[in-house]
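The structure appears below as structure tokens.
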Amino acid sequence: MSRKATDIFSEWASIGRDEGMQKNHWKAVKNMFQTLIKEQSKPFSFIDAGCGNGWAVREMKKNHLCVEAVGVDGALEMIERAKKIDPNGNYIYHDLMEWKPLTPVDIVHSMEVIYYFNDPKKIICHIKDKWLKPKGKFIMGLDFYKENSDCHNWPKQLDTQMTLLPINQWVELLKNCGLKDVMSYKTNTTDSFEGTLVLHAKK
């Protein structure tokens with residue numbers, strides 16, 4: 001029987017692997033943040049879906065226009081780690097599919113999370129419908145996609161469910177969720193890494 005991804009991430013947090021995740025994903029997330037805020041002139045609210053130890057939330061809070069930054073994760077140890085690092089931060093332990101903010105936000109970000117869902121369309125539609133304000137922005141980063149052949153064995157290695165799709169199907173999925181201005185690009189590409197796939201859209 002395959003393991004739940006949230007159990008794996010709780011285990012990783014307990015042995016300090018969350019720091020490695022932060023280090024490995026920082027370049028891609030920094031680029032994603034630049035994409036999000038390059039045209040941002042008004043104060044905004046932000047949610048990180050699958051926030052891990054909260055590092056991306058803490059980074060976004062440094063932006064002078066960010067009035068609220070919330071992290072949500074289904075891995076208890078990750079949320080406990082986030083609260084230990086940043087006791088005044090807003091970190092919520094909850095199943096992403098069952099949670100919604102009291103007030104919709106301007107921006108939702110997600111890094112290396114969405115493909116762990118059996119039905120990625122369902123979680124993206126939930127985020128669009130329940131989390132985002134009208135004209136709100138959604139951005140997600142994926143290292144697990146079909147064109148990145150080095151990742152294809154990850155589900156076996158981790159013994160967990162992961163949804164592998166090519167880039168064009170990810171783009172169509174976002175469009176089918178009703179998101180607009182869907183764009184895709186790769187960042188952090190090297191000679192040995194295909195790059196992080198970034199998908200960016202608006203409600």
- Query: Val105 fails exactly one of the following numbered conditions: (1) among the β-branched types (Val, Ile, Thr); (2) under 22 Å from Asp7 (Cα atoms); (3) in contact with a helix residue (DSSP H, G or I) (Cβ under 8 Å, 6 or more places away or on another chain). What is the number of that condition?
  - Reply: (2)
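Taking the options Gly74, Gly141, name whichever one is in contact with a helix residue (DSSP H, G or I) (Cβ under 6 Å, 6 or more places away or on another chain) and under 30 Å from Asp191 (Cα atoms). Before you say what the answer is, go through the steps one by one.
Values: Gly74 fails: under 30 Å from Asp191 (Cα atoms).
Residue meeting the stated conditions: Gly141.
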- Item | From Val67, Val29, residue being crowded, with 17+ Cβ neighbours inside 10 Å and either under 23 Å from Gln161 (Cα atoms) or not basic (Lys, Arg) (or both) | Val29
- Query: Just one of the numbered conditions (1) in contact with an Asp or Glu (Cβ under 9 Å, 6 or more places away or on another chain); (2) modelled with pLDDT of 95 or more; (3) of a type in the set (A, V, I, L, M, F, W, C) is not true of Leu179; which one?
  - Reply: (1)
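Okay, residues lined up against (1) touching a residue at least 12 places away in the same chain (Cβ under 8 Å); (2) part of a loop (DSSP other than H, G, I, E, B); (3) under 18 Å from Ser184 (Cβ atoms):
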| residue | (1), (2), (3) |
| --- | --- |
| Asp95 | yes, yes, no |
| Cys125 | yes, no, no |
| Glu147 | yes, yes, yes |
| Asp150 | yes, no, no |
- Query: Here are Lys83, Lys38: which of them is of a type in the set (Lys, Arg), out of contact with any Asp or Glu (no Cβ under 7 Å at 6 or more places or on another chain) and at pLDDT below 95?
  - Reply: Lys38
- Message: Can you pull out every residue in the stretch 156-168 that is farther than 20 Å from Met97 by Cβ, in contact (Cβ under 8 Å) with a residue 12 or more places away in the chain and not aliphatic (A, V, I, L, M)?
- Response: Asp159, Pro166
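The values are calculated or read from the model by the stated rules, or taken from the named source; none is laboratory data. The model shown is predicted, which means the values in this text are computed figures rather than measured ones. Neighbour counts are summed over all protein chains in view; Cβ atoms, including those assigned to glycine, are modelled from backbone coordinates with ideal geometry.
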